[in-house]
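K.L.:
Here you go, one structure.
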Amino acid sequence: MKREHHLSPFLREPPARLDLATLPTPVERAPWLDAPGAEVYVKRDDQTSRLYGGGKVRKLEWLLANPPYDDRRPIVSVGGIGSHHLVALALHLREQGRELHAWVFDQVPTAHTLEDLGLLLSTGAKLWAVPTRPALPLAWLAYRTWARPAERGVYMPPGGTTGLSGLGFVEAGLELAQQVKEGVLPAPQSLYVTGGTCGSCCGLALGFALAGLPVRVRVVSALERLYLGTYLFKRTLDQIFAALVRAALRQDLAALGPAGLLARAGVTWSIDHSQVGSGYAVPTTAGEEAVAVAAGGGLSLETTYTGKCLAALRRDLAAGAVAGPVLFWDTHGATDLRPHIVEGWEARLPVALRRRLIRAGAALSAAR
């Protein structure tokens, strides 16, 4: 368990926290992204863990240390077949000798998506697969009736986003503020971070506010407006703030409420839907170009989240819409998954999912 962290001065009764991540993650200059009047830095959260990096590990440190996730039961959660949340959960549960049950929906079968899917099946995760997000209730019904497992898992929300898990990113905001204090980077005027379930961006906003670091948080959505908007952001902000209060947040800070805390520090936020394209996890030309540019700069991004986020930053830099020190928060777990993937994993695919993937153009080896 981790005992000391950046939240310690603010909480009298901090929850338990596992020691899963190697922190702080580094910050690097990215001159290959600079524009007139703007210098860009990258927060390398792809390096949070040698097992599987990325922002999800920050959440799992808190989730897996506390009820209802701190026992030996399986965990059941939700995501696309290429979900980074499910990949991180599967690997870290396997380290604990536990099992993942996943309700999954189809995504465009890119090489990256198929690698994530291969990892899930290689770890022994059990899948209940449906074609689309709206069909997920069918996966739930199957899980509880005709295809129920021998032992049901305890439910974890999509992305692992809860009030408690958001503390991982509150701590991350405080971590960055400490790096600013130590001279690792100048105080950023703007932060670009991808958005899905809003746990990362809301936690960061609250962390910056606790630190008194005025930052403009630009949330680049990977989801359509129907799924990610002002309501979701504010609700998640409230949930994380409530978790801080339950952990005995200092009274003077608790009295401000989440909006008051952000306003006092000068932390602002906005949501950018310009990079969603034709839908969640569907690659865009701008996103693919951003992934290629990032590779030239030594970053391994992907086309669902971080590629689209970098595309938004590149567009704003080109338009002169952002100035001063700018921070790109790399939430992608860029760990090489190939050592964890067993040969012939395709044989473990549910039959219906396999057929849909082949129809969508996936090159799968023959089932054994």
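The values are calculated or read from the model by the stated rules, or taken from the named source; none is laboratory data. Computed from a prediction, not measured in an experiment: that's the story for all the values here. When we count neighbours, we look across all protein chains shown, and the Cβ atoms used for this are built from the backbone with ideal geometry, even at glycine. Just the protein is used for accessible areas: all its heavy atoms, side chains included, with ligands, DNA and RNA removed. Shrake-Rupley method; radii C 1.70, N 1.55, O 1.52, S 1.80 Å.
K.L.:
Which numbered condition in (1) within 14 Å of the chain's Cα centre (by Cα); (2) under 23 Å from Val154 (Cβ atoms); (3) not acidic (Asp, Glu) is the only one that Thr48 fails?
P.N.:
Of everything listed in (1) within 14 Å of the chain's Cα centre (by Cα); (2) under 23 Å from Val154 (Cβ atoms); (3) not acidic (Asp, Glu), Thr48 misses just condition (2).
K.L.:
Any chance the stretch 86-107 includes a residue that's of a type in the set (Phe, Trp, Tyr) and farther than 30 Å from Ala177 by Cβ?
P.N.:
Of the residues in the stretch 86-107, the ones of a type in the set (Phe, Trp, Tyr) are 103, 105.
Now drop any that are not farther than 30 Å from Ala177 by Cβ, which leaves 103, 105.
Yes, because at least one residue in the stretch 86-107 is of a type in the set (Phe, Trp, Tyr) and farther than 30 Å from Ala177 by Cβ.
K.L.:
Exactly one of these conditions fails for Thr113: (1) modelled with pLDDT under 95; (2) among the hydroxyl-bearing types (Ser, Thr, Tyr); (3) surrounded by fewer than 22 Cβ atoms within 10 Å (Cβ to Cβ). Give me its number.
P.N.:
Status for Thr113: all satisfied but (3).
K.L.:
Any residue at all in the stretch 280-288 that is surrounded by 13 or more Cβ atoms within 10 Å (Cβ to Cβ), under 15 Å from Tyr192 (Cα atoms) and touching a helix residue (DSSP H, G or I) at 6+ places or on another chain (Cβ under 9 Å)?
P.N.:
Yes: the stretch 280-288 contains one or more residues that are surrounded by 13 or more Cβ atoms within 10 Å (Cβ to Cβ), under 15 Å from Tyr192 (Cα atoms) and touching a helix residue (DSSP H, G or I) at 6+ places or on another chain (Cβ under 9 Å).
K.L.:
Whether any residue in the stretch 7-21 is open to solvent by 10 Å² or more (accessible area, probe 1.4 Å), touching a residue at least 12 places away in the same chain (Cβ under 8 Å) and under 19 Å from Ala312 (Cα atoms) is what I want to check.
P.N.:
No: zero hits.
K.L.:
Is there any pair linking a residue in the stretch 343-358 that is under 12 Å from Leu114 (Cβ atoms) to one that is of a type in the set (Gly, Ala, Ser) and open to solvent by 30 Å² or more (accessible area, probe 1.4 Å), with Cβ under 6 Å and at least six apart or on different chains, and which?
P.N.:
Going by the 6 Å Cβ cut-off, the qualifying pairs are Glu346/Ser365; Leu353/Ala129.
K.L.:
Sticking with this one: Going through the stretch 301-344 one residue at a time, which ones are open to solvent by less than 40 Å² (accessible area, probe 1.4 Å), more than 25 Å from the chain's Cα centre (by Cα) and modelled with pLDDT of 95 or more?
P.N.:
none
K.L.:
I'm told Gly195 meets every condition in (1) more than 21 Å from the chain's Cα centre (by Cα); (2) under 30 Å from Ser278 (Cβ atoms) except one. Can you identify the failing condition by its number?
P.N.:
All conditions are met except number (1).
K.L.:
Among Val42, Val57, which is touching a strand residue (DSSP E or B) at 6+ places or on another chain (Cβ under 8 Å), hydrophobic (A, V, I, L, M, F, W, C) and crowded, with 22+ Cβ neighbours inside 10 Å? Walk me through how you get there before you give the answer.
P.N.:
Numbers: Val57 fails: touching a strand residue (DSSP E or B) at 6+ places or on another chain (Cβ under 8 Å).
Of the residues listed, the single one that is touching a strand residue (DSSP E or B) at 6+ places or on another chain (Cβ under 8 Å), hydrophobic (A, V, I, L, M, F, W, C) and crowded, with 22+ Cβ neighbours inside 10 Å is Val42.
K.L.:
Also: Listed residues Gly118, Gly153, Gly79; which is over 21 Å from the mean Cα position of the chain (by Cα) and small (Gly, Ala, Ser)? Full working, then the answer.
P.N.:
Details: Gly118 fails: over 21 Å from the mean Cα position of the chain (by Cα); Gly79 fails: over 21 Å from the mean Cα position of the chain (by Cα).
None of the others qualify; the one that does is Gly153.
K.L.:
Yes or no: Ala177 surrounded by fewer than 24 Cβ atoms within 10 Å (Cβ to Cβ), of a type in the set (A, V, I, L, M) and in a helix (DSSP H, G or I)?
P.N.:
Values: surrounded by fewer than 24 Cβ atoms within 10 Å (Cβ to Cβ): yes; of a type in the set (A, V, I, L, M): yes; in a helix (DSSP H, G or I): yes.
The answer is yes for Ala177.
K.L.:
I'm trying to understand the selection: among the residues of the stretch 224-242, which are surrounded by fewer than 21 Cβ atoms within 10 Å (Cβ to Cβ) and either touching a helix residue (DSSP H, G or I) at 6+ places or on another chain (Cβ under 8 Å) or under 30 Å from Val282 (Cα atoms) (or both)? Outline the logic, then answer.
P.N.:
Kept after step one, since they are surrounded by fewer than 21 Cβ atoms within 10 Å (Cβ to Cβ), are these residues of the stretch 224-242: 224-227, 229-232, 234-235, 238-239, 242.
Residues satisfying the conditions are Glu224, Arg225, Leu226, Tyr227, Gly229, Thr230, Tyr231, Leu232, Lys234, Arg235, Asp238, Gln239.
K.L.:
Taking the stretch 35-70, which residues are out of contact with any Phe, Trp or Tyr (no Cβ under 7 Å at 6 or more places or on another chain), charged (D, E, K, R) and touching a residue at least 60 places away in the same chain (Cβ under 8 Å)?
P.N.:
Within the stretch 35-70, Glu39, Arg44, Asp46, Arg50, Lys56, Lys59, Glu61 meet the criteria.
K.L.:
Among the residues of the stretch 346-354, is there at least one that is surrounded by fewer than 15 Cβ atoms within 10 Å (Cβ to Cβ), at pLDDT below 95 and charged (D, E, K, R)?
P.N.:
No.
K.L.:
Quick one: count up the residues across the stretch 317-349 that are assigned to a loop (DSSP other than H, G, I, E, B), farther than 22 Å from Thr304 by Cα and either among the charged types (D, E, K, R) or touching a Phe, Trp or Tyr at 6+ places or on another chain (Cβ under 8 Å) (or both).
P.N.:
Number satisfying all stated conditions: 1.
K.L.:
Ok, one more. For the stretch 84-103, name all the residues that are without any contact (Cβ under 8 Å) to a residue 40 or more places away in the chain and over 16 Å from Val154 (Cβ atoms).
P.N.:
Answer for the stretch 84-103, where residues must be without any contact (Cβ under 8 Å) to a residue 40 or more places away in the chain and over 16 Å from Val154 (Cβ atoms): just Arg94.
K.L.:
Filtering the stretch 251-269 down to residues that are open to solvent by 30 Å² or more (accessible area, probe 1.4 Å) and not aliphatic (A, V, I, L, M), which residue is nearest to Lys234 (Cα to Cα)?
P.N.:
Ranking the candidates gives Trp269 first.
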